[in-house]
Amino acid sequence: MKHALTLILLSALIFANAVKAQSEEYRVQIGDLVAIMLPGEVMLNKEFQIDRQGRLSLPEVGMVQAAGMTEEVLASAVKDTLSEVIRDLSSLQVYVSKRQLIVTIQGYVAEPGEFTLPNEASIQMALYAAGGLRPGAQLDKFQLRRGDEVRTFDYKKFLDSGNDSLLPTLNSLDTLFIPASPMIGNVEQSFDPSKLADSGDAAEDRKAIKVFGEVIRPGSFSAKEENNLVDLLMRSGGVTRFAAVEQIRVISKSEPRIFNLKQYLDSGDEGLLPNIVEGSTIFVPKQEEEIKTGSNTVYVMGEVAKPGAYESKEEATFIDILANAGGPTRFAESRQIRIIRANGDTVGFDLTLFSEGKLSGPLPLVAPGDAIFVPEKLDLNEKSWLKVSPDRAVRVFGEVVRPSRIEWSSEMSLLDLLAHVGGPTSRADTSKIEIVTPVTANRSKVYTFNLDTFIRDGLADTELPPIKAGSTVRVHDLPDDPVDNKAKWIRQSSDTSIYVFGQVGAPGRYKFTEEMHFLDILSAADGPTAQADLHNIRITHLDGNVARVSKLNLALFFETGDSTLLPEVNIGDTIYIPEKDRNWLDLSKENTIRVLGAVNKPGRYTFDDHMTILDLLAEAGGPSNNAYIERITVVNVSCCRDQAKTFNLSEFSRTARFQDLPVLRVGDTVYVPTKEESTAEKIRQGITDIFQLAGIAALIGLL
C-alpha cells in the first residue's frame, strides 16, 4: 500500500514538472496579451498587447522588446525597464494572459482586413472572422503568405473531406489571400438565374432584339422565328400604364415604322404586326396626354385624388363631379371649397357642414367651363401664413402655445380658437383675455373675458364674447415673480392691481383677483419684515366714493387663528405695514400711554386692550434701581379727569393677584417715583440730620 502511494506521488510530480516545462518553453509571439500586475500602480495593473514589431508599450518607460522571449525572460526584461522609475518591484508579476494571433485576410471575403484571433485559430475560424467567402471565390487556390514564402492549398478538398491536415496552421503576421474565380470576369454582377429573362437573354449584342421605354423589364432578347412583336413585349414584362401603345416605334433592317398596338388588339389583324428580325429595336414611348377641353368640360383642381378635366353631363351635380375626381384628400380644407365660374365669379362651399347636415339650401350648380378648387389645409408650422386672407383669419398672440393667424369658421368659439393654438401657457393671465371684434368697417368693439370665472362657474357658451373673421385675441402674461412687478407694472392695469407698502419683503403693485384674500397678497409681497409692527397694520379701501381705513392686529390673528380678524381686501386697496420702532412723535397722544419716572426707557408707547401695566413696564425696560415700586401712580386722564390710582408692584409680586392690576387706557400716564420721594426715606433723612447736628454740638463742646 505504501509502495503504491509512492508511485502515485511520483507520477503526479513528473506530470507537474512536464506541464511547468511546457509552460516555460512557450515563447511570446506577436498579438499575445501580457498582464503586468504591481499593487499600487494603477497605470500598470492591466493587459498589454504585443504589437506587430514584437514590442510592449509601457507607460512612462516606453517600449520593451518581447516577441520570442519566455515568460521568465520577459518578466526580467520588464522588471529591469520599470526599475528606472519604480523603486519597489518585489510584488511585480508578468505573465502571458492570452495567446493570440494577428492575421491579415485579403481577397474575395465579405470583410477583408486585419484580425486578432485565438492562438489555436484555424483557417475556417479566420474566414468566419472576415465575414465568410463571397460568391465567386476560387476555393482551390487559397494562398497563405508568411514572410517571403507563399503556400497554395486546396480549401475545397477540406470542405469535401473534412480533413484538418489539408489546411496549414496559422502564425502571427500571416496573410491569407482568397482569389476570385476567373469565371466571373473582370466585373462582378449579382443576378438570379431564375430571372435571367428579366434583363434579356441575348448572347450577342449584335444579333439581339432591344426592347426599352415604357415596358416593365427592358432588355436585349434573342431573336426567334416564331416570336412576333407582341411576344417580345410579353418577354419584357408588358407595357406600363404610361405607355403610348398607339405610337410604338420599331426599327427593323434600318427602316423605322410606327405600330399601333391598340388598333391590332381591336381588330386582331396579324397583318398589322411589323416584321421583327435580328438586330431590331423596339421603343415604347411615354404617353403625353393632350389638353382636354371642350364645351362640356369641368375642371377639378387642388387637393383631390385625381385632379383634371372631366366631361360633364347635364344631370351631373357638384357631388358627382367631385366624386369622379376621387374626392378630397386628407390634406384638403373642405370648408373652403370654391367654384370658379367661367365668367370669373367665385362661389364658396363648405363640404364639412354639408356632410354634417348643417348646411341649408341646395348644392351649388356647376356648369361647363367652371372650375372646382379644393385648397390645401394649412399646417400650424406653415410658413406661408399669407395663404389665409385677412377677411378669413383671426389673430391670436400673447401667452399661448402657438401664436398665429387662424382660418376662421362660423362654428368656432373663443374656446375652440384657444384650443387650436395650444391653449394658454403657464404664464398666461387667463383672468383678463382681450378680444377686439370688428363691428363695422371703421369700428371695432373690445371685450374682456375672464376664463377662470367661466370655467369655475360652469357658464354656457352663450356667455363667450363674440368672435368672427378679422378679430384679434390677446392673452396677457403674468409677472415672473413678485420682485419683477417693478419692471412690468406698466403692462399691468390698475383695475386689476392692489398696493402693498411699508415693512414687507417686496413692496409694490401686485396682480389681484377675486379669489385672493389678505394673506395671499401679503405672501406675494414676501411677508412682513423683522421690523414690521404687526399690531398696527392699516388698509385703505377704495370700494366707494369715499375712502375708508381699517386697522388690523395681525399678531392677534397669529395668536388666536381667528380668520374673522382679517379684513376683506379688493382691487385698488392699499395695505400699509408700519415700522415697529419708528419715532414716537409719529404716534398721537390719543393712541399712546406715557411712562415716566424711574424706568429704564421713559417715553410714549403703543397700547391695546390686551396689554396690562406689567406689559407696559416691560416695554419701558422695567423699573430702575432707585424706583419706589411700592407706590406707582396711574393717572386715568382719558377716562376720568384728575383721577389717579396707585399700584404696589412689590406686593403684587408676593400675592400675584391680577385683579389688583389697575385698568389702563390709551392716553393715560404711568409714573414710577424714586425712593427719595417715599415718606420712610424722608423720615430716615430727618433722623440722620438730627444725629448729625447732635454730633456737631458735642464736638463743639469738647473743643
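Values in this text are rule-based calculations from the coordinates and carry no lab data. Just so it is clear, the model here is predicted, and its values are computed rather than measured. Ideal geometry is used to build each Cβ from the backbone, glycine not excepted, and the neighbour counts take in all protein chains shown.
Using θ = phi - 60° and the Karplus relation 6.51 cos²θ - 1.76 cosθ + 1.60, list the HN-Hα couplings for the stretch 348-358 in order, rounded to whole Hz, with x at every Gly or Pro.
x, 8, 9, 6, 5, 4, 5, 5, 8, x, 9
Quick one: putting +1 on the C-beta of Lys and Arg, -1 on the C-beta of Asp and Glu, what dipole do you get for the stretch 100-184 around its Cα centre, in Debye to the nearest 20?
Taking the Cα centre of the stretch 100-184 as origin, the dipole is about 200 debye.
In square nanometres and to one decimal, what's the mean projected area of the convex hull around the Cα atoms of the stretch 100-184?
Approximately 5.2 nm², given one-decimal rounding.
Please report, in cubic angstrom per residue, the volume enclosed by the convex hull of the alpha-carbon atoms of the stretch 211-306.
So the per-residue hull volume is 140 Å³.
On a 21 Å Cα-Cα criterion, which of the cross-link pairs Lys306/Lys377; Lys432/Lys468; Lys262/Lys313; Lys224/Lys286 come out too long?
Lys262/Lys313; Lys224/Lys286
Please give the peptides 89-100, 276-287, 643-654 ranked by average Cβ packing (other Cβ atoms within 10 Å per residue), highest first, as a rough proxy for protection.
276-287, 89-100, 643-654
Taking the Cα centre of the stretch 197-284 as origin and charging only Cβ (+1 Lys, Arg; -1 Asp, Glu), how large is the dipole, in debye to the nearest 20?
About 280 debye.
What is the spin-label model distance, in nm, from Gln643 to Ala35 if the labels are put 7 Å beyond Cα along the C-beta direction?
Each label point is offset 7 Å from its Cα along the Cβ direction, giving 10.5 nm.
Between Ile258 and Val401, what is the FRET efficiency for a Förster distance of 56 Å, r being their Cβ-Cβ separation, to the nearest 0.05?
Plugging the Cβ-Cβ distance into 1/(1 + (r/R0)^6) gives 0.30.
Per 0.36 nm of contour for each residue apart, how much would the distance between Lys306 and Gln124 grow if the chain were fully extended, relative to their Cα-Cα spacing?
Length gained, Lys306 through Gln124: 59.5 nm.
Listed here are the pairs Lys511/Lys580; Lys358/Lys445; Lys551/Lys580; which of them are more than 25 Å apart at the Cα?
With Cα atoms farther than 25 Å apart: Lys511/Lys580; Lys358/Lys445.
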